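A.B. asks: There's a structure below that I have some questions on.
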């Protein structure tokens, strides 16, 4: 609006100054009315740019051939051309500019010349510059709006990614706590039951069960401290205690109290695969110990086609496991899925239960 007021002020003051100081010339009605019409139209240039451009162009086209004052009306058409191009009416602005220049050229060649060649070229340059400036400012505004939109979308995507990672981290922590507490405390419960049952009949068996309870509870506390230590970390470079993997497979199998036959044929897996494999083996053997009457199980870990294949099966009754909360099997599947692998668990046709996991290496 300040630009509009400034241009209107220049046009009106120029018209008044020309009327006062141009000797031998007395203004008529058109000399005053046409600048007022053009200036009044400019006040509406933001709402109706094309209509204002046409009104100003017609007023200017009538003013210069007939006026005796020769005021700065050309500024009105320059501002109208710029506004039309800036608001997206580039075709209309180019068309009006071309028609105006063509009409001026034809008029100058057929009648009395009002402008010389240099002034004609100067007016042409002004019109082209006005249209070009309007197009540039529009493109720049569109670019800034698009940049702001992309920045907002990027910020939204960042927030969504943060929420997704937070959810995944909560699930990971839940799985860790389930594995640390659920598996080992279940084994403690089984061994405690065995100790109570055999404390009078087989004292040596009770002693062995109590020793297993002691070792399992010690391991539980160690792993629980490790998990809680990770949660308390505020420095990414802070050291963490190592988490039990397949390196402790012998201890893991021994704590179950089962007679486990093993067939192992694998190399040095990545850390995340090593941890997931240990957790899956622990959960599967714990389920056998808690929910099956089988006293033995078979564990096979091999590498096949770039995958670690884990199989845990027992010869217990051929029933579908329905006990517990069901989070154990779900947790095993989530661990395998998180690494891009698969896990299947269910009863065997010949009896017993089988867990088969495939983890990509």
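A.B. asks: As a footprinting exposure proxy, order 291, 48 by other Cβ within 10 Å, with the fewest listed first.
C.D. replies: Numbers: 291 18, 48 14.
Ordered by Cβ neighbours within 10 Å, fewest first: 48, 291.
A.B. asks: Still on this structure, please answer the following. Which of 215, 350 comes first, and how do the rest follow, when ranked by fewest Cβ neighbours within 10 Å?
C.D. replies: Lowest to highest Cβ neighbour count: 350, 215.
A.B. asks: So how far apart, in nm, are the two label points at residue 74 and residue 120 if each is 7 Å from Cα heading toward Cβ?
C.D. replies: 1.3
A.B. asks: In nm, give the distance between the simple-model label positions of residue 54 and residue 224, each being 7 Å from the Cα along the Cα-to-Cβ direction.
C.D. replies: Rounded to a tenth, the inter-label distance reads 8.4 nm.
A.B. asks: By how many nm would the segment from residue 337 to residue 151 grow when fully extended, if each residue of separation counts as 0.36 nm and the alpha-carbon distance is taken off?
C.D. replies: Contour length minus Cα-Cα distance gives 63.7 nm.
A.B. asks: Let me ask something else. Roughly how many nanometres apart are two label points built 7 Å out from the Cα toward the Cβ at residue 5 and residue 265?
C.D. replies: 9.0
A.B. asks: How much length would be gained if the chain were fully extended between residue 99 and residue 44, taking 0.36 nm per residue of separation minus their Cα-Cα distance, in nm to one decimal?
C.D. replies: 17.5 nm
A.B. asks: For the stretch 337-358 and the stretch 284-316, what is the separation of their C-alpha centers, rounded to whole Å?
C.D. replies: A separation of 9 Å, based on Cα centres.
A.B. asks: While we're looking at this one, here's another question. Report the calculated FRET efficiency for residue 296 and residue 165 (r = Cβ-Cβ distance, R0 = 41 Å), to the nearest 0.05.
C.D. replies: 0.45
A.B. asks: Report the calculated FRET efficiency for residue 189 and residue 128 (r = Cβ-Cβ distance, R0 = 56 Å), to the nearest 0.05.
C.D. replies: Step by step, r from the Cβ atoms, then E = 0.05.
A.B. asks: Could you tell me the largest-minus-smallest coordinate of the C-alpha atoms of the stretch 250-319 on each of the three principal axes, in descending order and whole angstroms?
C.D. replies: Here the spans come out as 34, 22, 18 Å, largest first.
A.B. asks: Measure of size requested: the Rg and Dmax of the stretch 243-361, with Cα atoms as the atom set and Å as the unit; please supply both.
C.D. replies: Computed over the Cα atoms of the stretch 243-361, radius of gyration and Dmax are 13.3, 36 Å.
A.B. asks: Mind sorting 10, 56, 273 by how few other Cβ atoms lie within 10 Å of their own Cβ, fewest first?
C.D. replies: Ordered from fewest to most neighbouring Cβ atoms within 10 Å, 10, 56, 273 come out as 10, 273, 56.
A.B. asks: A further question follows. From the square roots a ≥ b ≥ c of the eigenvalues of the alpha-carbon gyration tensor of the stretch 2-115, which class results: rounded (a/c under 1.5), prolate (a/b over b/c), or oblate? Each step should come with its number before you reach the end.
C.D. replies: On the way: a/c = 2.47, a/b = 1.27, b/c = 1.95.
Oblate, because a/c is 1.5 or more while a/b does not exceed b/c.
Taken together, the values in this text are just the output of simple stated rules run on the coordinates, not laboratory data. The structure displayed is predicted, hence computed values, not measured ones. FYI the Cβ positions are ideal-geometry reconstructions off the backbone, even for glycines, and counts take in every protein chain you see.
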